[in-house]
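To start, the structure itself, in structure tokens.
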Amino acid sequence: MNILLLGSGGREHALAWKMVQSPMCQQLYIAPGNAGTALCGTNINMSVTDFDAIKQFVLDKEIGLVLVGPEEPLVKGIVDLFRKDVSLQHVSIIGPAQYGAQLEGSKAFAKQFMMRHNIPTARYREFDASNYEEGIPYLQAHALPIVLKADGLAAGKGVLICQSHVEAIAEFELMLQQSKFGEASKRVVVEEFLDGIEMSAFVLTDGKNYVLLPEAKDYKRIGVGDTGLNTGGMGAVSPVPFADDAFMKKVIEKVVEPTVKGLEKENIDYKGFVFVGLIKVGDEPMVIEYNCRMGDPETEVVMPRLQSDLVELLLATANGRLDTFKIEQDPRAACTVVAVSGGYPGSYEKGYPITGLDAAVPADSIVFHAGTTTKDGEVVTSGGRVLCVTSYGDSISNAVAKSKEVLKQISYEDMYFRRDIGYEFE
Ligand code: AMP
Ligand code: GLY
């Protein structure tokens, strides 16, 4: 079967790496891809939101399966196009239709869904222009810190944790009245702050049945010890030591099953990933957010730990046959350490040559590309997150040590990576 994968990050390199291991994968195309995905298949210079071009490409290349990496095409309705267009209806596409993609695309939609299905989450209220005035006394009376969330997609910047009432009211005004995050902050969710440790569960559902992929924890802050600015993710580990059997049983009973049943009950067209951002408060799981795609860099540890055939798994998803699928997973730990451009997550230079990529890598490490491209036959940096080095180990710290060894071989101008991924599990 010919397959099209949309996206260009480390997540997509890991998905491509995994899919080409399947005997069912004939031609793999990645649009637009990066210098790493080019090692797994053919990169196509096509935007993930150019639906006309995607349709034409799928027909020309006789694509049987489309895997959507990032959220934007899903939130914009790529799955609806495949459902409605007669010439595309035979193609399997992984991801929810536009309505279900609001689980990620609208925080208010996600909160209302959780309320309807009794899924544990922080208490909250929604505000927009119509009840703005009520928001001020509500915030004044709210316990600190106060969490403000722009309703829509805001490139990971739409969540503010305010330590004072003055700050919360100022940000509330900026979001609702000055369009701080544009359209995304026309509606704001105000919610209670939850104190606990975070992790992520990855559900793959056909809208009725589901499988649970290996769980992971990511490291979002730029600095050692989880300090400094938020990033797209500086590393990830799997499994998550505090997510023991007893806790995961609660996650399944209180979060995963009500979520999948809720999708089915509401007749939501959802054949894809539900990435559940969780926080463990005391011994209880609470949902921080839903995403309608896999995480990045979490995919760079989840795919290496998945032993089942990914193409088979995705086809079972598209065909509503996940009830017959049993996930096999590697018992070893995996970590990924992300090397970024100097200055990231602020401004940074691109185009620096990367050396050391040809050096041999131990059998239990994998170099996934993120922000890389090829220029004049040379691999150069092209984004904030540049490479993700994943390693297996008999412990998380052992896996991290191996990734750091591999990173010693690789270099580019102003390269930076966190040396303490997984620090709390040593
Ligand atoms: P999100 O964009 O929803 O993933 O939120 C970004 C980050 O904000 C999360 O990963 C949490 O670290 C934090 N966060 C969001 N909501 C809450 C909350 N209610 N309590 C504490 N932290 C939160
Ligand atoms: N690593 C978090 C995300 O993919 O949203």
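Applying the selection to segment 294-315, what residues are open to solvent by 10 Å² or more (accessible area, probe 1.4 Å) and either within 13 Å of ligand 1 (Cβ to nearest atom) or in contact with a Lys or Arg (Cβ under 6 Å, 6 or more places away or on another chain) (or both)?
Across segment 294-315, the qualifying residue is only D296.
For segment 315-339, which positions are assigned to a loop (DSSP other than H, G, I, E, B) and of a type in the set (A, V, I, L, M)?
The one that is assigned to a loop (DSSP other than H, G, I, E, B) and of a type in the set (A, V, I, L, M): I327.
On the given criteria, is L103 among the hydrophobic types (A, V, I, L, M, F, W, C) and in contact with a His (Cβ under 9 Å, 6 or more places away or on another chain)?
For L103, the condition - among the hydrophobic types (A, V, I, L, M, F, W, C) and in contact with a His (Cβ under 9 Å, 6 or more places away or on another chain) - is not met.
State all residues of segment 12-22 that are open to solvent by 20 Å² or more (accessible area, probe 1.4 Å) and in contact (Cβ under 8 Å) with a residue 60 or more places away in the chain; if no residue qualifies, say none.
Once the filter is applied, which keeps residues that are open to solvent by 20 Å² or more (accessible area, probe 1.4 Å) and in contact (Cβ under 8 Å) with a residue 60 or more places away in the chain, segment 12-22 yields W17, Q21.
Within segment 387-426, track down each residue that is open to solvent by 60 Å² or more (accessible area, probe 1.4 Å) and part of a strand (DSSP E or B).
The answer is Y416, and nothing else.
Just name the residue that is least open to solvent (accessible area, probe 1.4 Å) out of those in segment 85-100 that are farther than 19 Å from G320 by Cβ and outside any loop (DSSP other than H, G, I, E, B).
Once the filter is applied, the top-ranked residue is S87.
Which pairs have Cβ atoms under 9 Å, sit 6 or more apart or on different chains, and link a residue in segment 347-358 that is open to solvent by 60 Å² or more (accessible area, probe 1.4 Å) to one that is β-branched (V, I, T) and assigned to a loop (DSSP other than H, G, I, E, B)?
T355/I410
Out of everything in segment 208-233 that is assigned to a strand (DSSP E or B), more than 15 Å from ligand 1 (Cβ to nearest atom) and touching a helix residue (DSSP H, G or I) at 6+ places or on another chain (Cβ under 6 Å), what residue ends up being most open to solvent (accessible area, probe 1.4 Å)?
Y210
Can you work out which of the residues in segment 160-169 that are open to solvent by 50 Å² or more (accessible area, probe 1.4 Å) and within 16 Å of ligand 1 (Cβ to nearest atom) is nearest to the chain's Cα centre (by Cα)?
I161
Hey, among the residues in segment 170-207 that are open to solvent by 50 Å² or more (accessible area, probe 1.4 Å) and touching a residue at least 40 places away in the same chain (Cβ under 8 Å), which one's nearest to ligand 2 (Cβ to nearest atom)?
E198
If we scan segment 207-217, do we find a residue that is in contact with a Gly (Cβ under 6 Å, 6 or more places away or on another chain), within 27 Å of G9 (Cβ to Cβ) and hydrophobic (A, V, I, L, M, F, W, C)?
Scanning segment 207-217, I find no residue that is in contact with a Gly (Cβ under 6 Å, 6 or more places away or on another chain), within 27 Å of G9 (Cβ to Cβ) and hydrophobic (A, V, I, L, M, F, W, C), so the answer is no.
Restricting to segment 370-386, name every residue that is open to solvent by less than 40 Å² (accessible area, probe 1.4 Å) and part of a strand (DSSP E or B).
T372, V379, V380, T381, V386 - these are the residues of segment 370-386 that are open to solvent by less than 40 Å² (accessible area, probe 1.4 Å) and part of a strand (DSSP E or B).
Within segment 208-226, restricting attention to residues that are aliphatic (A, V, I, L, M) and within 16 Å of ligand 2 (Cβ to nearest atom), which residue is farthest from the chain's Cα centre (by Cα)?
I222
The values are calculated or read from the model by the stated rules, or taken from the named source; none is laboratory data. Computed from a predicted model, the values in this text were never measured in an experiment. Every residue, glycine as well, gets a Cβ built from its backbone with ideal geometry; the counts of neighbours run over all protein chains shown. Note: areas computed on protein heavy atoms with side chains; ligands, DNA, RNA excluded. Shrake-Rupley method; radii C 1.70, N 1.55, O 1.52, S 1.80 Å.
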